[in-house]
Each structure stands twice: as structure tokens, then as C-alpha cells.
Amino acid sequence: MNTTSKDILHQIVNYHQSINVILDVGGLFTDGTNREIAMEWLKISHKMKIHYVVYFDADRIYVCDRQYHHYPFSTSPACERLDSCIFYLDDIHTRGTDFKFPVTFKAALTLGNGLTKDRFVQAAMRMRKLGSGHSLAFWSSYEVHQQIMKLKRKKENTNNFINVIDILRWVYENTQQATWDGLNLWASQSLTFQRIFSAFRNIQWSNHQQIFTDELMERLAKECLEPEIIELKHMYGSPRVAKTLFDIYHARYQQINHNLLTDIQEEVLKRLIEYGGKKLRLSQLLDEEQQKELEKDLEKEHQLVERPSSVIEHESMLHRELDRLCDTDGLMLKLDEFPTVFRRLPYAFIDTTFSTICQSDSRPDNFWVSTEFQRVIATQEKSLNPFLRPPRWIIIYRNQHLIFLSSQEANHLIGRLKNLYYIQKSDEPPVTTVRLILPRTRRGQSILVNNTMLTTSPLNKFPSLDNSWRIPFKWLAQLFVFNGTLYFENVEEQRAYCQLLSLCPKPRTEEEEEAFEKGWIDMNGFVSNPKHRRQLQMNQGQFNANPIRFVKQLIENRNKSHASILSYVGSIILNSRKLSFN
């Protein structure tokens, strides 16, 4: 058949037996991406029996459901309901993939021009129980159909019905031809190897005093180099005479002026006599003139990330209102009355791509940034994504507000608070402290924020200190999102992080599994309905829409790399699974 991908899919759907797998080792589906072909197949398949289609995209397994939403296979319900799935495996992924298909599955295996035994067998063995429940049907191009019929007529002049034995015979013929085609290149490579080996034999390896002079190294390089340019008269000037592979190799061997290895030559000649046979080919043809239809691999061209152009640094300044944060006796400062100094947390993302996806309405009222924290460059009309300041210094204001500071502001306030501590010498622990915080990007790493020895004023000086000075878990979760943390110290931090993002990843309780079956929980674990969150006791959720895209991109910006799926956070946002702490 010589038709489009849609035509082939319609034939597969209308086949008298149900086909759940397409093994496109023959490369018949060429007029669309894997995603497009998979979606088209799902669209025309039986709506009551088939709910998902599984396909590969950039070497990752994805699932598309009936609403045409796409999810990673490992986090979707499709991985546990394979009987409701259809699978499209392109040529590349008919090797090295392993699905536990239900016993009754039948696959359509495509036959393309020049298909050899290795690729054919590898594709067929995706059906692990072939002959014990699994079965195959074959689809071919019109050209391949004619090749099989021609070969069939040579062997037996009977009916026009193609049997499996006819296909196997055709595959065997292709394998023989591919082996014979490769012999000439293999023999030529042996000459290259012998020439290089002979060049290195001139070095006295046992002489440790030998000096590798420039002349010696230049001569060695010349003897090893392949000619970069072949003149047309050398390629086409000599008579085009058909010879056996043995004669072609022997003639080239005689033309080389090196003292080559006779034992290798004898072994190569032996193989050429054994496998080359009496078939003839033009002696000039090597890989320069091969006119083969090469397999076309789709390659993604990754755009190089350009470094940001030069910019003007923002001239930092200290606002007088900062000093009022250190006052402990007066009324509490109303931060929102000083918008030129303090702004709510989403202000940190102004003029970045995060400003549109950070869900500023969902942020807590007690998390702030200083305006100096946000200002890094003075250049206007620039995207500030590359200049997003990493959060390293915070001030806990009267144990009620958390404010992110620039390093200059933190240094100034540290000096002020130290002076106040030594002047007042109070027995009560301070309620305003400057702290250093680090993202936890490695397992077991300290984030320093709750270290009493590193706070200003120093909290370790107060033996009667209770837990009020520690940053609560729900605050920590906000810090983890903002600074790109990848690991947790304990289960409580992990739980607070998931609660903040309104995520309910695996493993789930019985009640949560029931909610997932009802559709309350998305494929990636997000619970969107506030009523459902309350019933699942997810009372700390502060994001109205799914925040996973925002979290992924912020982690990439903070850490200059993607979140590893082996990290606690990476497993939650990429695999919808909580890792254990055992």
C-alpha cells in the first residue's frame, strides 16, 4: 500500500481483529510526529474500549487521554490500566523498550525497504509473549509488497497470498544484502587500521629514553591521516570495472606502501572469500558514492542560550525606614504604608516571565521583599529573568513578618541589632532577627535559617528559649518554593510543601485514592477545588491554579539546572510521588 498515515491507521482500526500496538520498524508513518500520529489513532479508535494512547516524545513516555491532555506515563492511571491503552512505538523505540502488555494484545508490525533480521526480531520481541497469547499482523509499503511477491514467485509459483514464511524469506534476503554491502567498508577499515598500526610500530616502546621530537610526531600524524580531499580524476577517472570484493580489497592492499600485517590480511581475505562470493561491484564505489536510503532520525536543534548583554548595575541605597525594624519598644511598623521600601513577595518577580504565572493573589500577607532586593540592574526594557536576585538574607520582624533583604541591607541591620543587643542586655529573647538562608540542593545540607548561633541578635545566649523563634513549617514551605530548594530534612517539611502547592502525590491513602478515581486529584497530583481540598484536609493550600509549571521554571532559574527526579522536590513535581526518608 502507498498511502498516508491516516489511511494506514484507518486500516488498522478496521482490521478484523483488535490491534493495540503499532511497531513502526518499517517507518511507514512519516507524515507526522509521534504525538500527532498517536492522537489521530486515539481519535478514531473505539471510545468505549480505548481511553489512552501511549507514545514516545524525546525519549520520554507520554500518555494522551480522551480529553487530549498529555501526561508522563509513569504518573498517569494508564500505567495501571494497560488493557485500556493503545501503544505507538516509532522505529527508534522498537528496540530497548519494555511494556508488560496484556496477554491478548495483537501488534501491527510495519515492513519497510531493506528491513534486516536484527531490527525485525527486535521489533517483534516487544511482544514478550509472542506465540503464548501475543500475536502479530504485518503492514507493508507497496514497494515492499512487490519485493516479497517477486521473491515468492522465484521460489514457488502458486497463489498471490503472502504467508509469514514469505516475509521471513524477504527479511533474510535483506540481511544477506546488508551484510554483503558492509563487507567492502569493513575490509577498507581493516586497511586503515593496519596502516595506523604499522605507523605506531616505528616507535620504540621499550625505550623509555626515546625523545618524541616534532619531526617524529609530524611523520606519525601524516601516516595516520586519511585524505580529506579526493580528486575527481582519482574517483572517476579510472575505468569502471566490476570486481569481486576479494579482488577490490587485494588491489587496494597492493597499492599501500606500508609494511602491513600479513596475519590480519589473511583473515580479512578469508572472510571475503567466505561471505563475499562471486557477486560483482564497481571498484570505485565506497561510502563516497553509496546511494542508500539512510534512516532519517529526527534531531532536535537546541537553541544556544545567549549570555545577557552588558547592563548598568543599580546603585543601591539604604532607606531610613529600615532602622525602624530594629525598634522593639514602639508600635509595630505597618509595612504596607511604605511601598517605596517594602512590597509583598510577588514584587520580586516584576519584569520577569514569572510575574504572569506566580499567582500573586495566592501569596501570604506576611511575606515581603524590600524594594532594594528586587532592584539589581538600572537598565530599562530588559527582562530581569537572568537578574533575579537569589534570596539569602531575611529579617524576621517581631516573629510575625518575614522580609527578604539585599546583602547591603542585611549587613546594615546586623550592625544595628548587635548594638541594640549589647546596649539593652535584655533577659528576653529578641523577636526581630536577621538570618541567613540557603536552598537545600543536596541531601542532608543545612539551610542555616534555624541555627541559633547564626542569628542576629544571637539566640543561643538565651537558655530559656522556646520554639517560637523557629520558622514554622508553613513558612519554610514558602521559602523552599522561593529559593529553589530540592531536598527536605523530614516528613513534616515534605508535607508542608505539598500542602502549600495543593498537591496530593503518591503514595496515597485509601481516601485519597478514592478521590483520585473521582477526578478530584489531577494526574500530576494537583487538587483544584477548594471544597475537595478541605475534605482531603489540605487546608494550607494557597495556589488557585496548578503551580507546577511555575515551580519548575523557578527551580531552573535558581539552580541553573532542571530538578532531578531523584530529589524530593523533583519526584513530587515531575513524577507525582513522595520519596521516603528511610
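FYI, it's all coordinate maths here, none of it is from the lab. Just so we're clear, the structure is a prediction, and the values are computed from it rather than from any experiment. Positions of Cβ are generated from backbone atoms using ideal geometry, with glycine treated the same way; all protein chains shown enter the neighbour counts.
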Seminar exercise, completed: Rounded to the nearest 500, the 222 nm mean residue ellipticity computed for the chain from DSSP H runs (n ≥ 4, each -39500 (n - 2.57)) alone is -10500 deg cm²/dmol
Problem set entry | segment 17-90 and segment 507-582: distance between their alpha carbon centers, rounded to Å | 25 Å
Problem set entry | Residues whose placed amide H lies under 5 Å from that of H134, excluding near-sequence neighbours | K129
Exercise. Kirkwood Rh, the chain, all Cα pairs: how many Å?
Worked result: 30.8 Å
Exercise. Across the chain, where is the longest run that never hits GluC sites (Glu not before Pro) in a DSSP loop with at most 13 other C-beta atoms within 10 Å?
Worked result: 382-582
For this session: At a Cα cut-off below 23 Å, give the lysines reachable from K222, other chains included and same-chain residues fewer than 8 away excluded.
Result: K233
Seminar exercise, completed: Long-range amide H partners of K506, meaning residues 5 or more apart or on another chain whose placed amide H is closer than 5 Å, are R577, K578
For this session: Using only the alpha carbon atoms of segment 475-582, find the Kirkwood hydrodynamic radius as the inverse mean reciprocal pair distance, in angstroms to one decimal.
Result: 13.8 Å
Exercise. Hey, what did the chain get for relative contact order, percent, Cα under 8 Å, at least 6 apart?
Worked result: 8 percent
For this session: Please compute the Cα-Cα pair-distance distribution of segment 1-69 with 10 Å bins starting at 0, giving whole percents from short to long.
Result: 19, 57, 24, 1
For this session: Check cross-link reach from K418 to the lysines: straight Cα distance under 22 Å, and skip same-chain residues fewer than eight apart.
Result: K461
Seminar exercise, completed: Farthest towards the positive end of the dipole of segment 5-162, among Q147, T75, S5 and with Cβ unit charges of +1 on Lys and Arg and -1 on Asp and Glu, lies the Cα of Q147
Problem set entry | Coil-residue trypsin sites (Lys or Arg not before Pro) of segment 526-582, DSSP, other Cβ within 10 Å capped at 11 | K560
Exercise. Restricting to lysine pairs 8 or more places apart or on different chains, what number in segment 466-582 have Cα atoms under 25 Å apart?
Worked result: 14
Problem set entry | Where only C-alpha atoms are counted, convex hull volume of segment 5-162 per residue in Å³ | 122 Å³
For this session: Taking the Cα centre of the chain as origin, sum charge times position over the Cβ atoms of Lys and Arg (+1) and Asp and Glu (-1), and report the length of that vector in debye to the nearest 20.
Result: 1100 debye
Problem set entry | Axial C-alpha extent at least 27 Å, average Kyte-Doolittle at least -0.5 - helices from the chain (DSSP) | 164-201
Exercise. Which entries of K6/K106; K43/K100; K106/K129 show an alpha-carbon separation above 18 angstrom in the structure shown?
Worked result: K6/K106; K43/K100
Problem set entry | Partners for K152 among aspartates and glutamates (Cα-Cα distance below 18 Å; same-chain residues under 8 apart left out) | E143, D166, E173
Problem set entry | Residue-by-residue Karplus 3J(HN,Hα) for segment 88-96, coefficients 6.51, -1.76, 1.60, Hz, glycine and proline x | 10, 10, 6, 3, 4, 9, 7, 10, x
